[in-house]
Amino acid sequence: PRATVPHLQNDSWGKQYSHALFKAMSHMLCIGYGQQAPEGMTDVWLTMLSMIVGATCYAMFIGHATALIQSLDSSRRQYQEKYKQVEQYMSFHKLPGDTRQRIHEYYEHRYQGKMFDEENILGELSEPLKEEIINFNCRNLVANMPLFANADPNFVTAMLTKLRFEVFQPGDFIIREGTVGKKMYFIQHGVVSILTKGNKETKLSDGSYFGEICLLTRGRRTASVRADTYCRLYSLSVDNFNEVLEEYPMMRRAFETVAMDRLDRIGEE
């Protein structure tokens, strides 16, 4: 019977190495060469060339398929990569289990499994597009907050473009009495308790705001504020607060009216 591999003992070193290379490539690339192995040098080299082309095409297909799958949900992949770093950080510093759990829950509530470079995305857009997106994202906040619902749309837009999204967990002290206040907060969703010296608790929920007293008086915090549930808030820094209210003095008076009412209630306790 005809041998599938020719006898190479008496052939030249070129033929011997060519066949040896062919066998090695056929095993390494896991690509078949048909029912019968090539015999002549031309067949051997053409078969090896076809194996290289086939392996290259296969690698390109796998690479493109992988890139396509990753691009389908790049924000989730970015979140997973980020959280792996967080896990390694917690492990490196040997943080206790309950702290690790709180950090995990924070990331889940803050990013909800997806991570975007929102600042960079908004920074690349034109001002009208940026304002349109921010107004849409904060539509529930505006709808639930009487302060915004009855205000000049230009004032609302000016405020919204300067807000920063923050998440707090149950039991977190968002504000501590006696500290210097550098920002105020608007509640998008959640319940907070205002704790005064008289140990009286006042609850605030969706559509409310707090922390403005300190920004108006430039003093220290007059009460503590604790998150009772997971709270999704928007914060406004004192510099941005003053910048916006310089253009809208009537809105400053609205803040001052609420602040005076709250200070009176605190003084009575």
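Plainly put, segment 37-184 has a radius of gyration that is 1.25 times its Kirkwood radius, both from alpha-carbon atoms, as the Rg/Rh ratio. Evaluating 6.51 cos²θ - 1.76 cosθ + 1.60 at θ = phi - 60° for every residue in segment 116-131, the Karplus couplings come out as 10, 8, 5, 4, 5, 5, 5, x, 8, 8, 6, 4, x, 5, 4, 5 Hz, glycine and proline recorded as x.
The charge dipole of segment 137-267, taken about the Cα centre with unit charges on the Cβ atoms of Lys, Arg (+1) and Asp, Glu (-1), comes to about 360 debye, rounded to the nearest 20. Sequence-ordered 3J(HN,Hα) estimates for segment 231-239 from the Karplus curve with 6.51, -1.76 and 1.60 and θ = phi - 60° stand at 10, 9, 10, 10, 9, 10, 6, 4, 5 Hz, glycine and proline given as x. Extending 7 Å from the Cα toward the beta-carbon at both Asn199 and Arg176 defines two label points whose distance is 2.1 nm. Once the Cβ-Cβ distance of Arg218 and Phe116 is raised to the sixth power relative to R0 = 45 Å, the FRET efficiency obtained is 0.80. Expressed in Å, the radius of gyration and Dmax of the Cα atoms of segment 65-124 are 14.0, 41. Packing order of peptides 79-89, 221-231, highest average first: 221-231, 79-89 (average count of other Cβ atoms within 10 Å over each peptide's residues). The GNM of the chain, with springs linking C-alpha atoms under 10 angstrom apart, assigns the highest mean-square fluctuation among Ile133, Ile52, Ile103 to Ile52. What is the Cα radius of gyration of the chain over 2.2 N^0.38 Å, N being its residue count? Normalised Rg, Cα atoms only: 1.80.
Coupling constants for segment 143-149 follow from the phi torsions by the Karplus curve (6.51 cos²θ - 1.76 cosθ + 1.60, θ = phi - 60°), and in residue order they are 5, 8, 10, x, 4, 7, 4 Hz; glycine and proline get x. With 0.36 nm allotted per residue and the present C-alpha distance subtracted, the Phe165-Glu127 stretch has 11.7 nm of extension available. Under 20 Å from a label point set 7 Å out along the Cα-to-Cβ vector of Asn242, the amide N atoms of segment 136-176 belong to 158-164.
The number of Lys pairs in the chain with C-alpha atoms less than 20 Å apart, excluding pairs fewer than 8 positions apart on the same chain, is 9. The mean accessible area for residues of the chain, using a 1.4 Å probe and ignoring ligands and nucleic acids, is 64 Å² per residue. If R0 is taken as 51 Å, the Cβ-Cβ distance between Glu108 and Met60 corresponds to a FRET efficiency of 0.85. Counting only protein heavy atoms and a probe of 1.4 Å, the accessible surface of the chain is 55% carbon and sulfur. Size descriptor for segment 137-267, Kirkwood hydrodynamic radius: 14.8 Å (Cα pairs only, one decimal).
The values are calculated or read from the model by the stated rules, or taken from the named source; none is laboratory data. Because the structure is predicted, anything quoted here is derived from the model rather than measured. Positions of Cβ are backbone-derived with ideal geometry, glycine not excepted, and every protein chain shown enters the neighbour counts. The area values use the complete protein model at the heavy-atom level, side chains included, leaving out ligands, DNA and RNA. Shrake-Rupley method; radii C 1.70, N 1.55, O 1.52, S 1.80 Å.
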